[in-house]
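Q: What follows is a structure written as C-alpha cells; I'll ask about it next.
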Amino acid sequence: MGEAIKPVIEVRNLDLDYEDYAVMRGLDFSIKKGEIFIVMGGSGCGKSTLLKVLIGLKEPARGEVLYDGVNFWQQDEEGRQKIMRRFGVLYQGGALWSSFTLGENIALPLQLYTGLSASQIQEVVELKLALVGLSGYAGFYPSEISGGMCKRAALARAIALDPDIIFFDEPSAGLDPLSARMLDDLILQLKDTLGATIVVVTHELASIFAVGDSAALLDTESKSMIAIGNPKELLANSNDPRVIRFLTRGERQAAPAGKEFTR
Amino acid sequence: MPAKISFDYPQAGTLRVKLSGDWQISSGIPSENEVISELAKNKDTAQIIFDTSETGSWDSGLVSFLFHLIKDCENRNIQVSHQGLAQGVEKLLALALKVHTRLIPPKGAAEPFLDRVADKVLQLYSGVLGLLNFLGEVAIAFGRLLRGKAYFRRDEFIGIVQKCGANALWLVSLISILVGIILAFIGAIQLKLFGAQIFVADIVGIAMVRVMGAVMAAIIMAGRTGASFAAELGLMQVNEEIDAFKTMGISPVEFLVMPRVLALVIMMPLLTLYADFMGIAGGFLISTSVLELNPIEYWQHTQSAVRLSNLWVGLIHGFVFGIIIAVCGCMRGLQCERSAEGIGAATTSAVVSAITSIVIATAIITFICQVIGV
C-alpha cells in the first residue's frame, strides 16, 4: 500500500462569526495535496467567511487552520505573510487592480517576489495570459474587457507565482455557461499541470460535480458542516435529505431507491 | 371601476367579503382595516370567505390587501378561506405566506440610553486606536521608502501629483482671488474711517500669506482631492482589490496610501504659495481699481508687511494640511463598507473630518506661533 497523502490544509474545530453573529461552529476537515476541495452551501451559510479565514483576511472566532502542520493564525504577521505567498486567490469579481493593465496586474507579484529581469517578467506575463486564453491582452485595462475575461485575467494573476494552493471564490458567478465551463476546465488543468491544491467556494452544482474531488456542505440552520466527501458519492450514498436536496436543487427530497433516511 | 369591499353573513360566524371593482395599486385599494372594523362589530366571527365574482382586473395591490388581512386574522384566530380567489392570487399568497427559516441575525431591542452612550464611547476609542494604527502604518511605510525597500510606482505617483496639483490650479486661483478681494473690501471699509486705506495691502498680504492662502487651498483640496482619495480607495475596497493586495503580501498602505500622502505633502505647500500670490493679486486688483489706491505704494506696503516668518508659517500650515487631507481621505477609503452607500459615507466622512481637522490644526499652529512669538 502506498503512503497516505498528507493534508496540506487542516481546519480544526473552527468557529466563524460575522460581527456578533455566530455563522459556523466546529468546522473540522482536511484537504489533501493536489486535491480539488469544494466548500458548498446556500447563500449566507458562511462560505465566503470561511474563505476569508483560510486566506488570512479574517481571524476566526476560535479554532485552528494549519498549513502543512503550521498553525496559520498563531504565526506573527511575517510568518503569515510567508504562508500567504504560497496562495493564489481568484476573487468573486476578479479584483483586478483597475489602474493597472492586465500585464501590470500579473507582473506586480513577479516584480515583488522574484528576481526576474523585466524581459523575463514580460515573458512570464505573456505565458500566463496565454494559459487563460488571453494572449495579446497585456496592454488592456480591466475596464476594457468583459467580465469573463476579467475572471480569466485574475486567474492568470493568481497563478503568476505558481502557487501550490489556489483559492477560488464563486468562480462561475456572473458568467455565461460556456465561460463557466471554460473556467472549470482551467481549474482541472491547473490541478494536472501545477499539481496545485485547489479550494473552490461555490454553490454552482455543475462546477461542483465537474471539478470536485471532495466537498464539504455547510448548513445555515445547524451552523455546521453536515457532509463531506466526493460530491457524486454524496449524491449517491448520503442519508441526509438536506444533502440530497442541495445536490439536486431540491428536485429530490428522498434518498435513492432502497435507502432509508435517518431523518 | 374603483375597488370596493362589502360584507354579508351567509351563516352565523362566517363573514363573506365581497371584493368588487379593479384592485390595482395605481387606482388605490381599500385598507384591510375596513374588514378588521367589521370583525370588531361581530366578535363571534370565526371564518372569512371571499366573493370575487365581481372582481375586475387585479395586481399585487389585491395580494398585499389579502396578505395583511390573513396575517391579522391569524393573530385573532380567525380562519381565512382561500376558496373563490383567482388561481394567480392564491399562488402569490402561498408564496408570500410560506414560512422561511430566519437566516439573518435577529435585531436586538432598542438599547438603554447608557448602553448607547457606552457604545459611542467605545466607538470613539476604537476610532482613535484605528487612527493611531493607521498613522503608525504610514510612518512604517515612509521608513521603508526612505530605506529604498518600499514598492513605488513612479508613473502612478506622477499622475497623483498632477491630479492634486496642476489640475487644481484653476479652482485655487478662483477662490484665492475672491478671498483676496473680500479681505480688501472688508479692510477698506474699516480703514477708511481712519483715512488709512493703504493698510489694506498689509491686511491682505499678511492674512493671505500667514493663514488664509493655506486654509483656502486646504479646504478646496479636502473637497476635491480628499474626497477623490476616499472614493477611489473605497471602490477598491468594494471590488476586493484591497483584499487582493493583502493576500499577495502587499501592504495597501505602502502601495496606495503612501504615494497619495507624499503627493499632497509636496503639493500643498506649493499650492499654498500659489494661493498666497493669487490672493494678494486679487487684493491688489480691487484696491488699485475700485478703491483707487496707488499701485506702487500698495506693492511697497505689501513687501514691507509680509515678512519671511509669515511665509514660513503659511508653508507649515500647508504641509500639515497636506498630511491631514491625505490621511483622512485614504483612511476613510480603506475603512469603507462594501456597498455603494459605504462609498458615499466614506467620501463625506473624509471631507468632514479633513475640514474639522484643518480648523483644529490652524488653531493649534496659531496658538503655538503666538506663544513662541512668530
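Derivation of every value follows stated rules applied to the coordinates shown; laboratory data play no part. This one's a predicted model, so the numbers in the text were calculated from it and none came from an experiment. Cβ placement follows ideal geometry from the backbone for every residue including glycine, while neighbour counts extend to all protein chains displayed.
Q: If Rh is defined by the Kirkwood formula over all Cα pairs and Rg also comes from Cα, what ratio Rg/Rh do you get for the protein assembly as shown?
A: Values: Rg = 33.7 Å, Rh = 30.3 Å.
In the protein assembly as shown, Rg relative to Rh is 1.11.
Q: Evaluate the charge dipole of the stretch B:123-372 about its Cα centre and quote only its size in Debye, nearest 20, assuming +1 on the Cβ of each Lys and Arg and -1 on the Cβ of each Asp and Glu. Numbers along the way, then the final one.
A: On the way: 14 positive and 14 negative charges, 81 e Å.
So the dipole magnitude of the stretch B:123-372 works out to roughly 380 debye.
Q: Counting alpha carbon pairs within less than 8 Å and at least 6 residues apart, what relative contact order, in whole percent, applies to the stretch B:4-97?
A: Details: 137 pairs, mean separation 28.4, N = 94.
It rounds to 30 percent for the stretch B:4-97.
Q: If amide hydrogens are placed 1.01 Å from N in the peptide plane, which non-local residues have theirs closer than 5 Å to the one on A:Tyr18?
A: A:Val23
Q: Using amide H atoms built in the peptide plane, which far-off residues or other-chain residues are under 5 Å from A:Ile165 H to H?
A: A:Gly88, A:Thr197
Q: What does the average come to when, for each residue of peptide A:76-82, you count the partner chain Cβ atoms lying within 10 Å of its Cβ? Write down the numbers at each step before the final one.
A: Numbers: counts 0, 0, 1, 0, 1, 6, 1.
The mean count of partner-chain Cβ atoms within 10 Å per residue comes to 1.
Q: Exposure proxy check: A:Val70, B:Val200, A:Val201 ranked by fewest other beta carbons within 10 Å?
A: Final ranking by Cβ density, sparse to dense: A:Val70, A:Val201, B:Val200.
Q: Along the positive direction of the dipole of the protein assembly as shown (beta-carbon charges: Lys, Arg +1; Asp, Glu -1; about the Cα centre), which of B:Ala201, B:Phe50, A:Met225 reaches farthest?
A: It is B:Ala201, whose Cα lies furthest towards the positive end.
Q: How big is the charge dipole of the stretch B:155-291 about its Cα centre, in debye rounded to the nearest 20, if each Lys and Arg gets +1 on its Cβ and each Asp and Glu gets -1 on its Cβ? If you can, show how the numbers build up before the last one.
A: Values: 6 positive and 9 negative charges, 124 e Å.
Computed charge dipole of the stretch B:155-291: roughly 600 debye.
Q: Label the stretch B:191-330 by shape, choosing from rounded, prolate and oblate, from the square roots a ≥ b ≥ c of the eigenvalues of the Cα gyration tensor; if a/c is under 1.5 it is rounded, and otherwise prolate applies when a/b is larger than b/c, oblate when it is not. Walk me through the numbers before you get to the answer.
A: Working: a/c = 4.71, a/b = 3.20, b/c = 1.47.
The shape class here is prolate.
Q: How much of the DSSP beta bridge set in chain B is antiparallel, as a percent to the nearest 5?
A: On the way: 6 of 16 bridges.
The antiparallel fraction comes to roughly 40 percent.
Q: Another question about this same structure. Measure nothing fancy, just the Cα-based angle from helix B:60-75's long axis to the longest principal axis of chain B, in degrees from 0 to 90, nearest 10.
A: 70 degrees
Q: Also: Ratio of alpha-carbon Rg to the 2.2 N^0.38 Å globular estimate for chain A, to two decimals, please. Intermediate results must be reported in sequence, preceding the final value.
A: Values: Rg = 19.1 Å, N = 263, 2.2 N^0.38 = 18.3 Å.
Normalised Rg, Cα atoms only: 1.04.
Q: Once you average over the residues of B:235-247, how many Cβ atoms of partner chains fall within 10 Å of each Cβ?
A: Counting other chains' Cβ atoms within 10 Å and averaging over B:235-247 gives 6.
Q: For a quick check: sort B:Leu97, A:Leu190, B:Leu311, B:Leu233 by the number of other beta carbons within 10 angstrom, fewest at the front.
A: Numbers: B:Leu97 13, A:Leu190 23, B:Leu311 16, B:Leu233 27.
Final ranking by Cβ density, sparse to dense: B:Leu97, B:Leu311, A:Leu190, B:Leu233.
Q: Antiparallel as a % of all DSSP beta bridges within chain A, to the nearest 5? Intermediate values should be presented prior to the final figure.
A: Details: 21 of 39 bridges.
Taking every DSSP beta bridge within chain A, about 55 percent pair in antiparallel fashion.
Q: Then there's this: Under 16 Å between alpha carbons, and skipping anything fewer than 8 positions from B:Lys149 in its own chain: which aspartates and glutamates qualify?
A: A:Glu78, B:Glu137, B:Glu254
Q: Relative to the Cα centre, what is the charge dipole magnitude of the protein assembly as shown, using +1 at the beta carbon of each Lys and Arg, -1 at the beta carbon of each Asp and Glu, and rounding to the nearest 20 debye? Intermediate results must be reported in sequence, preceding the final value.
A: Values: 54 positive and 63 negative charges, 136 e Å.
Taking the Cα centre of the protein assembly as shown as origin, the dipole is about 660 debye.
Q: Next up: Rounded to the nearest 0.05, what FRET efficiency is calculated for A:Arg242 and B:Ile36 with R0 set to 45 Å and r the Cβ-Cβ distance?
A: Working: r = 40 Å, r/R0 = 0.89.
Plugging the Cβ-Cβ distance into 1/(1 + (r/R0)^6) gives 0.65.
Q: Two decimals, Cα atoms only, Kirkwood Rh: what is Rg/Rh over the stretch A:1-129? The partial results should precede the final answer.
A: Details: Rg = 17.5 Å, Rh = 17.0 Å.
That ratio equals 1.03.
Q: Also, quick follow-up: Using each residue's phi in the stretch A:37-45, evaluate 6.51 cos²θ - 1.76 cosθ + 1.60 at θ = phi - 60° and report the 3J(HN,Hα) Karplus result to the nearest Hz, with x for Gly and Pro.
A: The phi angles translate into 10, 9, 9, 10, x, x, 4, x, 7 Hz.
Q: Taking every alpha carbon pair in the stretch A:90-145, what does the distance histogram look like in 5 angstrom bins from 0, in percent?
A: 4, 20, 29, 28, 15, 4, 0
Q: Next up: Could you work out Rg/(2.2 N^0.38 Å) for the stretch B:123-372, with Rg from alpha carbons only? Please report the intermediate quantities before stating the final value.
A: Working: Rg = 20.5 Å, N = 250, 2.2 N^0.38 = 17.9 Å.
My calculation over the Cα atoms of the stretch B:123-372 gives 1.14.
Q: Same structure again: Count, for each residue of A:91-98, the Cβ atoms from other chains sitting within 10 Å of its Cβ, then give me the mean as a whole number. Intermediate results must be reported in sequence, preceding the final value.
A: Details: counts 6, 2, 4, 4, 9, 4, 9, 5.
Mean number of neighbouring Cβ atoms from other chains: 5.
Q: Just to check I understand the Karplus step: with θ = phi - 60° and J = 6.51 cos²θ - 1.76 cosθ + 1.60, what whole-Hz values come out for the stretch A:113-128, glycine and proline as x?
A: Taking θ as phi minus 60°, the curve returns 10, 10, x, 6, 6, 4, 6, 5, 4, 4, 5, 5, 4, 4, 5, 5 Hz for the stretch A:113-128.
Q: Moving on. How far is helix B:169-192 tilted, in degrees, relative to the longest principal axis of the Cα atoms in chain B, given as a value from 0 to 90 rounded to the nearest 10?
A: The angle comes out near 70 degrees.
Q: Cα axis of helix B:340-372 to longest principal axis of chain B: angle in degrees, 0 to 90, nearest 10?
A: 30 degrees
Q: Still on this structure, I have one more. Among B:Ala354, B:Leu169, B:Pro259, pick out the residue whose Cα is farthest towards the positive end of the charge dipole of chain B, where Lys and Arg carry +1 and Asp and Glu carry -1 on C-beta, about the Cα centre.
A: B:Pro259
Q: Would you work out which of B:Phe7, A:Ile5, B:Gln79 lies farthest towards the positive end of the dipole of the protein assembly as shown, given +1 charges on the beta-carbon of Lys and Arg and -1 on that of Asp and Glu, about the Cα centre?
A: Comparing the listed Cα positions along the dipole, A:Ile5 ranks first.
Q: Continuing with the same structure: With a/c under 1.5 counting as rounded, go ahead and sort the stretch A:185-227 into rounded, prolate or oblate using the C-alpha gyration tensor (a ≥ b ≥ c being the square roots of the eigenvalues; past the cut-off, prolate if a/b is larger than b/c, else oblate).
A: Numbers: a/c = 3.47, a/b = 2.25, b/c = 1.54.
It comes out prolate by the Cα gyration axes.
Q: With respect to the cross-link table entries A:Lys82/A:Lys191; A:Lys151/B:Lys98; A:Lys52/B:Lys163; A:Lys58/B:Lys71; A:Lys47/B:Lys71, which display a Cα-Cα separation exceeding 30 Å? Display every interim value, and only then the final one.
A: Working: A:Lys82/A:Lys191 22 Å; A:Lys151/B:Lys98 37 Å; A:Lys52/B:Lys163 35 Å; A:Lys58/B:Lys71 42 Å; A:Lys47/B:Lys71 35 Å.
Listed pairs above 30 Å: A:Lys151/B:Lys98; A:Lys52/B:Lys163; A:Lys58/B:Lys71; A:Lys47/B:Lys71.
Q: Give the aspartates and glutamates whose C-alpha is closer than 17 Å to that of A:Lys232, dropping any in the same chain fewer than 8 places away, or say none.
A: A:Glu35, A:Asp184, A:Glu204, A:Asp213, A:Asp240, A:Glu251
Q: By counting other Cβ atoms within 10 Å of each Cβ, how are A:Glu144, A:Glu77 ranked from fewest to most?
A: A:Glu77, A:Glu144
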